[in-house]
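Take a look at the structure set out below.
The values are calculated or read from the model by the stated rules, or taken from the named source; none is laboratory data. No experiment lies behind these values; they were computed from the predicted model shown. Positions of Cβ are generated from backbone atoms using ideal geometry, with glycine treated the same way; all protein chains shown enter the neighbour counts.
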Amino acid sequence: MKSLSLKVQQIEESQTLAFTQLARKMQSEGIDVVSLTAGEPDFPTPPHVKMAAIQAIDENFTHYTANQGIPALIKAIAEKFISENNLQFDTSQILVSCGAKHSIFNALQAVCNKGDEVVIQSPYWVSYPEMVKLVDAKPVFVNATAENNFKISATQLRRVINEKTKVFIFNSPSNPTGAVYTQGEIEELADVIRDTGIYVISDEIYEKVIYDGVKHFSMGSIKPIRDQVITVNGVSKAFAMTGWRIGYLGGAKPVVDAAAKVQSQVTSNATSIAQRAAAAALSAPTKDVDEMVTEFKRRRDFAVEQISKIPGIELKEPKGAFYLFPSLQSFVGKRWNGKMIRDDMDIAQFLLSEEHLAVVPGSPFGAKNHIRLSYACSMKTLQQAMERLKNACKKLHEAY
């Protein structure tokens, strides 16, 4: 048998999915596992969105659509971009794909050549570096420290850009840290983008999940760099539509045309039924979204308060998304049942084996000795999780 792809062998499996699947496997075996792994709202998809899908089926809207997407959804996206993000796109500058992840990959394929460098702030979403590798480009990381609220500065960005740099992947609100950049901070980064001429892929999938009066600001709305910015979004997080797999991007027409060409040869159109549902989601009032975000904030506040009482954990309060990203550095080097806790992977395994609490280790996000906790779950689940985390940390705190 011939060998497999070397490129694929060199990329990592998504640890988010890996730990989620492990938790589900243990649950299927009757083990009482509490899981904070998946970045997936536990709310149902809004009724009017489901009805739009049912109507699409009843009307036999179940065949291929245009590669770009159906006109109703393209129109809804264009109107959303202008009203909510101050982004002016012609309908030809929008591409609907099978999730925001697909949109990001299409964009990378559209602009990257072999040997190009793509700047990614660290901590980062686990898929960014691996997608960069899959398009034969090289990920270059810029460290966003907890001391700086997990944000990078314009000086840091400028320092890593060179003649090989093609793209900067920007994510605000951030997965995994929940960091949200202010308009002023984004404008400072934009000055560097303008001066260097590189592209930006702005991943704004969590834009509506934001707290404490903080405002989302789209980098692509800054006129001097608008043709350099590819704005990516979708319906998964804000509308509890993760399984519907609808994402989209907007950008300069040559970029969008190139991304559409890639998509035409890989998947062609996103699901027709899901497109009708997404159009309904984007066109309706935001009552369901607002209620969901209010509940997320309640859960965030509860979890932050509980963790603040646990000795040995350091946590920055997130301003967006639905994750906590605490450091458990103080427990590294501890021994439990004769085994050394060496890093966050060991911590995650310890939590799972000792307390049946599933989390995602921080290393796959570029932050060693952190863990990611998703509070996109019920309050009951979150309460159980906090109790188990407290018990686990007590064991490690008292260990030698």
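Taking first residues from the range 380-400 that are more than 23 Å from residue 337 (Cβ to Cβ) and partners that are small (Gly, Ala, Ser), the Cβ contacts under 8 Å between residues at least 6 apart in sequence or on separate chains come to 381/35; 382/303; 386/303. Against the numbered list (1) closer than 20 Å to residue 208 by Cα; (2) in a loop (DSSP other than H, G, I, E, B), residue 312 comes up short only at (1).
Quick grid of which residues meet (1) within 26 Å of residue 143 (Cβ to Cβ); (2) in a loop (DSSP other than H, G, I, E, B); (3) of a type in the set (Asp, Glu); (4) not assigned by TED's automatic domain parsing to the domain that holds residue 143:
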| site | (1), (2), (3), (4) |
| --- | --- |
| 353 | no, no, no, yes |
| 372 | yes, no, no, yes |
| 380 | no, no, no, yes |
| 387 | no, no, yes, yes |
| 392 | no, no, no, yes |
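You will find that of 193, 205, 201, the residue that is more than 27 Å from residue 246 (Cβ to Cβ) and either not acidic (Asp, Glu) or not in a loop (DSSP other than H, G, I, E, B) (or both) is 193 and no other.
For the range 4-17, taking the residues that are of a type in the set (S, T, N, Q) and in contact (Cβ under 8 Å) with a residue 24 or more places away in the chain, the one that is surrounded by the most Cβ atoms within 10 Å (Cβ to Cβ) is identified as 16. Residue count for the range 273-287 satisfying the condition of being in a helix (DSSP H, G or I) and either out of contact with any helix residue (DSSP H, G or I) (no Cβ under 8 Å at 6 or more places or on another chain) or surrounded by fewer than 15 Cβ atoms within 10 Å (Cβ to Cβ) (or both): 1.
Scan the range 243-254 for residues that are surrounded by fewer than 23 Cβ atoms within 10 Å (Cβ to Cβ) and in contact with a strand residue (DSSP E or B) (Cβ under 6 Å, 6 or more places away or on another chain) and the total you get is 0.
Among the conditions (1) touching a residue at least 12 places away in the same chain (Cβ under 8 Å); (2) not in a loop (DSSP other than H, G, I, E, B); (3) not assigned by TED's automatic domain parsing to the domain that holds residue 235, residue 21 misses just one, which is (1). The condition of being without any contact (Cβ under 8 Å) to a residue 40 or more places away in the chain and under 15 Å from the mean Cα position of the chain (by Cα) does not hold for residue 236. Cβ separations smaller than 9 Å between residues 6+ apart or across chains give the following pairs from the range 203-216 residues that are at positive phi to residues that are at pLDDT 95 or above: 212/297; 212/317; 212/319.
Just one of the listed residues (52, 38) is touching a helix residue (DSSP H, G or I) at 6+ places or on another chain (Cβ under 8 Å) and modelled with pLDDT of 95 or more, namely 52. Among residues of the range 96-113 that are assigned by TED's automatic domain parsing to the domain that holds residue 279 and within 14 Å of residue 204 (Cα to Cα), those with a beta-carbon under 7 Å from a residue that is crowded, with 23+ Cβ neighbours inside 10 Å and of a type in the set (D, E, K, R) at least six positions away or on a different chain give the pairs 100/203; 104/203. Beta carbons closer than 8 Å, at least 6 apart along the sequence or on distinct chains, pair a first residue in the range 253-277 that is touching a residue at least 60 places away in the same chain (Cβ under 8 Å) with a second that is among the acidic types (Asp, Glu) for 253/90.
In the set (1) among the hydrophobic types (A, V, I, L, M, F, W, C); (2) part of a loop (DSSP other than H, G, I, E, B); (3) outside the structural domain of residue 265 (by TED's automatic domain parsing); (4) more than 29 Å from residue 131 (Cα to Cα), residue 26 fails one condition alone, (2).
Remark: residue 20 matches the filter, which requires a residue to be out of contact with any helix residue (DSSP H, G or I) (no Cβ under 8 Å at 6 or more places or on another chain) and crowded, with 16+ Cβ neighbours inside 10 Å.
Could you go through the range 296-317 and let me know if any residue there is in contact with a Cys (Cβ under 6 Å, 6 or more places away or on another chain) and under 25 Å from residue 15 (Cα atoms). Yes; the residues of the range 296-317 include at least one that is in contact with a Cys (Cβ under 6 Å, 6 or more places away or on another chain) and under 25 Å from residue 15 (Cα atoms). Filtering the range 247-287 to residues that are at pLDDT below 95 and not basic (Lys, Arg) leaves 284, 285, 286.
The listed residues are 74, 31, 11, and the only one of them that is assigned to a helix (DSSP H, G or I) and of a type outside the set (Ser, Thr, Tyr) turns out to be 74.
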